[in-house]
Amino acid sequence: MRIAKYAAVLAAAGALTLTACASGSPNDAGNEQTTTAPVEEVTFDEGTTMAKLQNAGKITIGTKYDQPLFGLMNPGTNQPEGFDVEIGKLIASKLGLSDKQIQWKEAVSANREPFIQNGEVDIVVATYTINDERKQVIDFAGPYYIAGQDLLVLQGNPEGIKGIEDVKGKQVCSVTGSTSEQNLQAAGVEVLATDTYSNCLEPLRSGQVVAVSTDNVILAGLADQNQGEFEVLDNPFTEEPYGIGLKKGDQEFRNFINDVLEQSYEDGSWAAAWESTAGKVLSTPEPPAVDRY
């Protein structure tokens, strides 16, 4: 289903409002620059998920709370920040919902599908790789970004690791239920699995593992947050299309989200969201074509 009509109703309508705040450490309140999409007045067909969310006056979005640049909880504001969060805000705004009408719920790799299936969240935007196994139980809109799995090592790379071949038979940390864990196992790597990527850093510091592995953008965020301790090899060995998870079979809602993504590519709001978050560390990529499967 296509969005029926648009009419900006905020005083700031017509452009993204970028809010830059005070400096400080990466977890300090206000250090993250965020975008606020103007809320739009929009009408949807009754019975659609879009109409239900609009009538309820809220949307519940699952995202990660430990992923610098993409989804990181700011203890000062008690709100998550990052590129995934900004994508969630863009979707909410096209439903006629403000940022304050978003209920954020922490979604780790292992609980994303159950949260969607059980209705605990309406969508998941959480560095969520689209793959055929997951598409058996949920649907995806997007992709909205293409990442690549890489390796994070100690600064200076004391093990001399150059790529995935060098860690076969060695222990590498990743997250339970993630595509990254599956890719490592398939490559013959011993995996130390934990619930969040931030919990992989201490095993790397202590030498319990030789590397941490997940998508390069996540690793870049961890390295940026812990400057001087770690480095990313910058030798990705997969392509990871990030999608927005939603309930299986809700084609109208999926089409709506894809429409929002495509519009954000055209009007610059996708680029603005990137540049205010992940773009502080990484160059702005070309947005990927959405998959209308």
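Here, each number is a calculation from the coordinates, and none is a lab measurement. Treat the numbers as computed from the prediction; the structure is a model and nothing was measured. Methodologically, a virtual Cβ is constructed for each residue, glycine included, from the backbone with ideal geometry; neighbour enumeration extends over all protein chains shown.
Cut-off is 10 Å between beta-carbons; in what order do 123, 164 appear when sorted fewest neighbours first? Please list the in-between numbers first.
Working: 123 28, 164 23.
Fewest to most other Cβ atoms nearby, the residues stand as 164, 123.
Could you tell me what percent of the DSSP beta bridges with both partners in the chain are antiparallel, to the nearest 5?
Numbers: 26 of 40 bridges.
So the antiparallel bridges in the chain amount to around 65 percent.
Going by a ≥ b ≥ c, the root eigenvalues of the Cα gyration tensor, does the range 226-293 fall in the rounded group (a/c under 1.5), the prolate group (a/b larger than b/c) or the oblate group? Walk me through the numbers before you get to the answer.
Details: a/c = 2.57, a/b = 1.70, b/c = 1.52.
The shape class here is prolate.
For the chain, give the magnitude of the charge dipole about the Cα centre (Cβ charges: +1 Lys/Arg, -1 Asp/Glu; no others), in debye to the nearest 20.
On the way: 21 positive and 42 negative charges, 114 e Å.
Magnitude of the dipole: close to 540 debye.
For 275, 181, what ranking results if the residue with the fewest other Cβ atoms within 10 Å of its Cβ goes first? Walk me through the intermediate numbers first.
Values: 275 18, 181 23.
Going from sparsest to densest Cβ surroundings: 275, 181.
Compute the whole-percent fraction of alpha carbon pairs in the chain spaced more than 26 Å apart.
Tail of the P(r) past 26 Å holds 43 percent of the pairs.
Can you return the lysines within cross-link range of residue 100? Criterion is Cα-Cα under 24 Å, with same-chain partners fewer than 8 residues away left out.
List returned: 5, 52, 58, 64, 89, 247.
For the modelled label position 7 Å from the Cα of residue 286 along Cα-to-Cβ, which residues of the range 237-267 have backbone nitrogen atoms closer than 16 Å?
Under cut-off, by backbone N: 265-266.
Taking the simple approach of a point 7 Å from Cα along Cα-to-Cβ for both residue 132 and residue 263, what is their distance in nm?
Modelled inter-label distance: 3.4 nm.
Pairing the Cα long axis of helix 216-225 with the longest principal axis of the chain, what angle in degrees results, from 0 to 90 and rounded to the nearest 10?
For 216-225 against the chain, the angle is about 80 degrees.
Take the Cα gyration tensor of the range 168-227, multiply each eigenvalue by 5, square-root it, and list the three semi-axes largest first, rounded to whole angstrom. The partial results should precede the final answer.
Working: eigenvalues 61, 34, 19 Å².
Ellipsoid half-lengths, sorted descending, are 17, 13, 10 Å.
Tell me the angle of helix 251-267 to the major Cα principal axis of the chain, expressed in degrees between 0 and 90 and rounded to the nearest ten.
80 degrees
Going by alpha carbons, how many degrees (0 to 90, nearest 10) lie between the helix axis of 83-94 and the longest principal axis of the chain?
10 degrees
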